[in-house]
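I have placed the structure first, in the form of structure tokens, so that the comments after it can refer back to it.
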Amino acid sequence: MLLITGSNGQLGTELSKLLPQAILTDVAELDITDEAAVKDFVIANDVDTIINCAAYTAVDKAEDDEILAAKINIDGPRNLAKSGAKVVHISTDYVFDGLGHKPYKPEDEAHPVSAYGRTKLAGEQEVLKYAAEAVIIRTAWLYSPYGNNFVKTMRRLGAEKESLNVVTDQIGTPTYAADLAHAIMQILPQMNAANKGVYHFTNEGVCSWYDFARKIMELSSLKCQVNPIPSDAYPTKATRPFYSVLDKSKIKQTFNIEIEHWEEGLKKCLKQL
């Protein structure tokens, strides 16, 4: 049996559409920070594979609440990994400091500069330590028709305002949650002890948040003008990586996955909206 944790989130929702037979849990159904509860649940439901989409993702809040972030992002993955099931664990580009200037490979040294990034990196390490079969997928700039995300925020603000300021010096790649969900579907039957490890998945291409916002307005036929600003004009509690483009060659080669450009993903998402 397959278990999806964090099933109410963006990726969990997309996965649940592709895996109607899966057991879906969010925090109300299963507290992943409770080791005994996880163990009992896995045994009672005969779970052999877990896709862990559960995470503490409030990046700025985590700076003041690292203890809770650590419970969800470190203890939770450890408990799932210790359950004996195979684990697909979703992680983040925030494990890097963003000071590089070429796409980060999975084996590049991680150096998180935020509480969120630190807890997510530690969670990866727990999964690799305890799960016999595990695939960790770092992704970035995730969006979908569900939940709160940059695409939905830009569309709402674009309809309300004549102009918007968006940072232009943070570079990465948007990821359409449905594209990541389809990639996970391809990975599941290929998982084994030999390909255990860390992988990167985003859509193809590179852009700034400013570029992304402009494309959202254009494809949504919104007249709102997007103005480029530097990050220091929009201070946040947590430090964001300035450059977090991820090198996807390992996931493509290992699991024979083809990845679409981020603009194609955006078009598909906007059709849903």
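Convex hull of alpha carbon positions in segment 86-214: directionally averaged projected area 8.9 nm².
With all protein chains kept in place, the per residue accessible area of the chain amounts to 45 square angstrom at a probe of 1.4 angstrom. Each DSSP beta bridge with both residues in the chain is either parallel or antiparallel, and the antiparallel ones are about 5%. Mind running the shape call on segment 234-273? Use the C-alpha gyration tensor, a ≥ b ≥ c as the square roots of the eigenvalues: rounded below 1.5 for a/c, prolate if a/b tops b/c, oblate otherwise. Cα axes put segment 234-273 in the oblate bin. Once both labels are positioned 7 Å from their Cα atoms along Cα-to-Cβ, the gap between ALA193 and LEU219 label points is 4.3 nm. When the solvent-accessible area of segment 32-108 is split by element, carbon and sulfur atoms take up 51 percent of it, the probe being 1.4 Å.
So what's the angle, to the nearest 10 degrees on a 0 to 90 scale, between helix 35-44 and the longest Cα principal axis of the chain? So the inclination is approximately 70 degrees.
Rounded to the nearest 10 degrees, the inclination of helix 177-187 to the longest alpha-carbon principal axis of the chain is 30 degrees. With coordinates expressed along the principal axes, the C-alpha atoms belonging to segment 1-125 extend over 45, 29, 24 Å, beginning with the largest. Ordering LEU246, LEU273 by accessible surface, largest first, gives LEU273, LEU246; the 1.4 Å probe counts only protein heavy atoms, with every chain in place.
Note on HIS111: accessible area is roughly 100 Å² with a 1.4 Å probe, heavy atoms of protein only. Protection proxy ranking, highest mean first, for peptides 218-225, 164-171, 50-57: 50-57, 164-171, 218-225, where packing is the per-residue count of other beta-carbon atoms within 10 Å, averaged.
Pairs over the 21 Å Cα-Cα cut-off, from the set LYS39/LYS61; LYS86/LYS196; LYS120/LYS237; LYS120/LYS196; LYS215/LYS252; LYS86/LYS120: LYS39/LYS61; LYS215/LYS252. With viscosity set to 1.306 mPa s at 10 °C, what whole-number translational diffusion coefficient in µm²/s follows for segment 110-181 from Stokes-Einstein and a Kirkwood radius over Cα pairs? Using the Kirkwood radius from Cα pairs, D works out to 105 µm²/s.
A helix-only calculation puts the chain at -10500 deg cm²/dmol for mean residue ellipticity at 222 nm, using -39500 (n - 2.57) for each DSSP H run of at least four residues, averaged over all residues. Note on ARG78: accessible area is roughly 60 Å² with a 1.4 Å probe, heavy atoms of protein only.
For the chain, the Kirkwood estimate of hydrodynamic radius, built from reciprocal distances between every pair of different alpha carbons, is 19.0 Å. Once you have a ≥ b ≥ c as the square roots of the Cα gyration tensor eigenvalues for segment 194-273, tell me rounded if a/c is under 1.5, and otherwise prolate or oblate according to whether a/b is larger than b/c. Here segment 194-273 falls in the oblate category. In segment 116-273, the portion of solvent-accessible area held by carbon and sulfur atoms comes to 47 percent [1.4 Å probe, whole percent, DNA, RNA and ligands not counted].
The values are calculated or read from the model by the stated rules, or taken from the named source; none is laboratory data. This one's a predicted model, so the numbers in the text were calculated from it and none came from an experiment. Methodologically, a virtual Cβ is constructed for each residue, glycine included, from the backbone with ideal geometry; neighbour enumeration extends over all protein chains shown. These accessible areas exclude ligands, DNA and RNA; they are computed on the full protein's heavy atoms, side chains included. Shrake-Rupley method; radii C 1.70, N 1.55, O 1.52, S 1.80 Å.
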